[in-house]
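The values are calculated or read from the model by the stated rules, or taken from the named source; none is laboratory data. These figures come from a predicted structure and were not determined experimentally. Heads up, the Cβs are rebuilt from the backbone with ideal geometry, glycines too, and the neighbour counts pull from every protein chain shown.
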Amino acid sequence: MPSSGPFALPAHVESALVPLSARLVVDRRGSTVWDVQTSNGRYAVKLGYATQRHPWTALAPAREAAILRQLIPQEILSGDWQEGTWSAQPWREGESLFDLWKPGRHHTRPATPNLDQALSCAVALADLHAAGWTHGDVQPNHVILGSGRAFLIDLALAQGGEVPDAHDFPYRGCLVHYEAPEISRSILETGAAVPTRGADVYALGASLFVSATGWRHVSYPDDADRKDQRQAIVDRPHRPINVPGSLGKLIEQMMRRNPADRPTMAEVCAEIRNAL
């Protein structure tokens, strides 16, 4: 049986980082994450371990480290530990999109979202796409806003560059609440999918929608299993987009069922800039 977290920092990871302090941030779905302060800076340290549902999570920190080394100039540390792989990457200070928009969130009458913040989220994803990558796991908790910009985090499922075979694994979807219909359909039919920029656009639209309203993009019971959730995404239209202002109309375009009908992220950024 797979082990269960949370896990303390292994001794060899502590030796590599020499923490001044360490705070447990989260432990779920095969990942224990620590906020670690060192004399060289602040790091998000991830310990990946296998779960019964997701054995690939043991490899996710090392896969993300390989991706980040191709995207950012800061040093990324990674290696193996007894349950899987680990990584240390720069800590991104700020609030998630979901938390930031909580004060205005309402199912029926949401407040008009902050367009500058929406633009920051869109620019971060557009920049990733322009660099030749897809994220593959866009969700509101993976967009951190701080210091006047947005950061995309949790890139372990991203596609677009070289990843060592020892740390690679097939893409089997993301958090279902933000999956585009074509991704859910492929996983139901074949067990895997190919993440695309169009699916990223849909996922950001769904992220903006849930952050503004509190509603998932498609209705299904809270206790539905993932197969039934995906089937609902395939079979049902998304909820009516009741986000006020120009962003609501743009979210509607981003969440079109046909990927070819969705705007690119560059077009999304241009539309938001025009509305400012």
Can TYR220 be described as at pLDDT below 95 and either under 28 Å from PHE169 (Cβ atoms) or outside the structural domain of LEU152 (by TED's automatic domain parsing) (or both)? yes
Given the conditions (1) closer than 30 Å to ALA11 by Cα; (2) assigned to a helix (DSSP H, G or I); (3) in contact with a strand residue (DSSP E or B) (Cβ under 9 Å, 6 or more places away or on another chain), report the number of the one that CYS121 does not fulfil. (1)
Please verify whether the range 59-81 includes one or more residues that are without any contact (Cβ under 8 Å) to a residue 60 or more places away in the chain, farther than 26 Å from TYR171 by Cβ, surrounded by 16 or more Cβ atoms within 10 Å (Cβ to Cβ) and touching a helix residue (DSSP H, G or I) at 6+ places or on another chain (Cβ under 7 Å). no
Restricting the search to the range 144-183, which residues are surrounded by 21 or more Cβ atoms within 10 Å (Cβ to Cβ) and either of a type in the set (Gly, Ala, Ser) or not assigned by TED's automatic domain parsing to the domain that holds ASP200 (or both)? ALA150, ALA156, ALA158, GLY173, ALA180
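Quick grid of which residues meet (1) closer than 22 Å to ALA156 by Cα; (2) assigned by TED's automatic domain parsing to the domain that holds VAL25; (3) of a type in the set (Asp, Glu):
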site: LEU71; (1), (2), (3): yes, yes, no
site: TRP81; (1), (2), (3): yes, yes, no
site: ARG105; (1), (2), (3): no, no, no
site: ALA111; (1), (2), (3): no, no, no
site: LEU115; (1), (2), (3): no, no, no
site: LEU119; (1), (2), (3): no, no, no
site: LEU125; (1), (2), (3): yes, no, no
site: HIS142; (1), (2), (3): yes, no, no
Given the range 1-94, what strands (runs of 3 or more DSSP E) lie entirely inside it while holding 1 or more residues that are over 30 Å from GLY132 (Cβ atoms) and polar (S, T, N, Q)? 21-28, 31-38
Given (1) among the hydroxyl-bearing types (Ser, Thr, Tyr); (2) modelled with pLDDT under 95; (3) under 22 Å from VAL201 (Cβ atoms), where does SER96 come up short, assuming only one miss? (2)
